[in-house]
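Data block below; observations after.
The values are calculated or read from the model by the stated rules, or taken from the named source; none is laboratory data. In this text the structure is predicted, and so the values were computed from the model without any measurement. Note that each Cβ is placed from the backbone with ideal geometry, even for glycine, and that neighbours are counted across all protein chains shown. The protein model used for the area step is the full one, side chains on, heavy atoms only, and it has no ligands, DNA or RNA in it. Shrake-Rupley method; radii C 1.70, N 1.55, O 1.52, S 1.80 Å.
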Amino acid sequence: VILTLMSVGILVYDLIKRPFFSIPNMIELITYELIILLANVTVTIMAFNPEDVDINHKGSDVIVLSFFMFSIAALLFMMIAFVIGLRDAIKAAKMKKGKLSLLEIISIPFQVGGMDFGQMEDHRT
């Protein structure tokens, strides 16, 4: 129950405060939180009905499916981040007019800035 409440709280916080500047990061975070919320609600339902075998079987299927959806979503968002980073690498190479080495161009999509982590708000006081 506590995990489910925390998942709802995190979703509400993300939708109200919007801690990320970029829309793709916000979509990624909300996608992950919705999948986690699905698994938490399923576990909560299963916990309140421990004797019901049908609910437990269906619940375990939902949990496995949510794990699969989480993995697929992570791969999808990694591929999107890689493509965006590759696009930025091509732009950087054009701006430098070929002054970047091949190793520098290849490493740009893997740099932290290519995944928009540099655009996060600093909430420290």
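Does Ile2 meet the test of being open to solvent by 40 Å² or more (accessible area, probe 1.4 Å) and under 17 Å from the mean Cα position of the chain (by Cα)? Give the steps one after another, and end with the answer.
Details: open to solvent by 40 Å² or more (accessible area, probe 1.4 Å): yes; under 17 Å from the mean Cα position of the chain (by Cα): no.
Against the criterion (open to solvent by 40 Å² or more (accessible area, probe 1.4 Å) and under 17 Å from the mean Cα position of the chain (by Cα)), Ile2 does not qualify.
If I ask for residues that are open to solvent by 40 Å² or more (accessible area, probe 1.4 Å) and in contact with a helix residue (DSSP H, G or I) (Cβ under 7 Å, 6 or more places away or on another chain), which ones from the stretch 11-23 would you list?
Those that are open to solvent by 40 Å² or more (accessible area, probe 1.4 Å) and in contact with a helix residue (DSSP H, G or I) (Cβ under 7 Å, 6 or more places away or on another chain): Arg18, Phe20, Phe21.
Checking Ile106 against (1) at pLDDT below 85; (2) closer than 20 Å to Ile36 by Cβ, which test does it fail?
(2)
A quick yes/no check of all residues on (1) of a type outside the set (Val, Ile, Thr); (2) modelled with pLDDT of 80 or more; (3) under 26 Å from Ser107 (Cα atoms):
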site: Asp14; (1), (2), (3): yes, no, no
site: Thr31; (1), (2), (3): no, yes, no
site: Leu34; (1), (2), (3): yes, yes, no
site: Leu37; (1), (2), (3): yes, yes, no
site: Val41; (1), (2), (3): no, yes, no
site: Ile63; (1), (2), (3): no, yes, no
site: Met79; (1), (2), (3): yes, yes, yes
site: Phe82; (1), (2), (3): yes, yes, yes
